[in-house]
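The structure appears below as structure tokens.
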Amino acid sequence: FPPKEVRTAIGKLKDDLKSPQDYAKEVQGQYRDEQLARLYSMYESKLKKNNALDFDDLLNKTLELFYLQPDVLNYYRNKFHYILVDEYQDTNFAQYMLVKLLSDTHGNICVVGDDDQSIYRWRGADIRNILEFEKDFPSAKVIKLEENYRSHQNILDAANQVIRHNMHRKEKKLWTRQEKGEAIRVCLLDREQQEADFVCNEILSHIRSGGREGDAAILYRM
């Protein structure tokens, strides 16, 4: 049971608001998961003994407080009349419940997000939060921000072609008032060393033909 793996598993369970007892009932008869439930329980006991919270508890204990003390929940409902959430596609179940509880009285909630940019499922993000937003908040008005001010149309056309293959998404089409721009080139390489060589050679070629180093920008995601 590598500690990092156990910590990640516990974090995911906390994101889903599952206590050690809930999880233990769920995995009865599955040896490894039963051991994980035991470790989860030990971990919680150690936290309590040290009067400590971990990162996930900052949300979970707040929710627990709201459920156990309705007067505290009502205080904060009346304190915050307007709620704005950015990057809503990256919220987890616990965050969703917090927003839902706080906004139930006034119903003044605005979220900003893009289901096509939901890339943090491995970190607990639940894309259903944004896909089912209108179901959870029936009076909500949806405003699609489809005009792009940064990229040329060729870039957006390529992006539209890629994201339309996403299985669960809200229909949208990115566009711009800018020109088409240069055609996109895709280069498939076997190794990262070849990739680095390719980028360097492209920049050198540009400089040799009269360009400047400052004309080049390298964008990458790891």
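The values are calculated or read from the model by the stated rules, or taken from the named source; none is laboratory data. Small disclaimer: the values here were computed from a predicted structure and weren't measured. Quick reminder, even Gly has a Cβ in these numbers, built from the backbone with ideal geometry, and neighbours come from all protein chains shown. Just the protein is used for accessible areas: all its heavy atoms, side chains included, with ligands, DNA and RNA removed. Shrake-Rupley method; radii C 1.70, N 1.55, O 1.52, S 1.80 Å.
Tabulated data
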| read-out | value |
| --- | --- |
| Nearest-0.05 FRET efficiency for ILE83 and ASN166, computed from C-beta distance (R0 35 Å) | 0.80 |
| Per-pair calculated FRET efficiency, R0 = 41 Å: LYS144 and GLN193 via Cβ, rounded to 0.05 | 0.45 |
| Radius 15 Å from Cβ of VAL72, net charge of other residues (Lys, Arg +1; Asp, Glu -1) | 0 |
| Solvent-accessible surface ranking, highest first, for SER209, SER103 at 1.4 angstrom | SER209, SER103 |
| Whole-number percent relative contact order across the chain, with pairs defined as alpha carbons under 8 Å at least 6 apart | 13 |
| Exposure ranking of ARG169, ARG185, ARG150 by accessible area [1.4 Å probe, largest first] | ARG150, ARG185, ARG169 |
| q = 0.11, 0.12 Å⁻¹: log10 I(q)/I(0) that the Debye formula gives for region 86-222, counting C-alpha atoms only | -0.62, -0.70 |
| Solvent accessible area, Å² - LEU73, 1.4 Å probe, full protein context | 20 |
| Cα shape, region 28-153, gyration tensor, a/c 1.5 rule | oblate |
| Residues LYS100 and GLU179, FRET efficiency given R0 of 41 Å [Cβ-Cβ distance, rounded to 0.05] | 0.40 |
| Environment charge at LYS172 (Cβ cut-off 15 Å; Lys +1, Arg +1, Asp -1, Glu -1) | -3 |
| Cα-centre dipole for region 109-213 with unit charges at Cβ (Lys and Arg positive, Asp and Glu negative), debye to 20 | 300 |
| Accessible-area ranking of MET222, MET42, largest first, probe 1.4 Å | MET222, MET42 |
| Solvent-accessible area of LYS18 with every protein chain in place, 1.4 Å probe, in Å² to the nearest 10 | 60 |
| 0 to 90° range, to nearest 10: angle between helix 93-103 axis and the chain longest Cα axis | 80 |
| Extension gain from ILE218 to CYS110, taking 0.36 nm per residue of separation minus the Cα-Cα distance | 35.4 nm |
| Options ILE83, ALA52, ILE10, ranked by Cα towards positive dipole end of region 1-88, top entry (Cβ charges) | ALA52 |
| Whichever aspartates and glutamates have a C-alpha closer than 17 Å to that of LYS144, once near sequence neighbours (fewer than 8 apart) are set aside | ASP86, GLU87, ASP114, ASP115, ASP116, GLU132, GLU134, GLU171 |
| Virtual spin-label span in nm between ILE203 and SER45, 7 Å along Cα→Cβ | 5.6 |
| Proximal charge balance of HIS206 [Cβ under 14 Å; K/R count +1, D/E count -1] | -1 |
| Total charge dipole magnitude, the chain, about the Cα centre, Cβ charges on Lys, Arg, Asp, Glu only, Debye to nearest 20 | 340 |
| Most positive-pole-ward Cα, ASN160, SER209, VAL199, against dipole of region 121-222 from beta carbon charges | ASN160 |
| Dipole-positive endmost among TRP175, TYR96, ILE127 within the chain (Cβ charges, Cα centre) | TYR96 |
| Rounded tilt (10° steps) of 70-79 against the dominant C-alpha axis of the chain | 40 |
| Simple label model, 7 Å out from Cα along Cβ direction - VAL6 to GLU132, nm | 3.3 |
| On Cα atoms only, tilt of 31-49 relative to the major axis of the chain in degrees | 70 |
| Residue-level accessible surface for GLU213, protein heavy atoms, 1.4 Å, Å² | 140 |
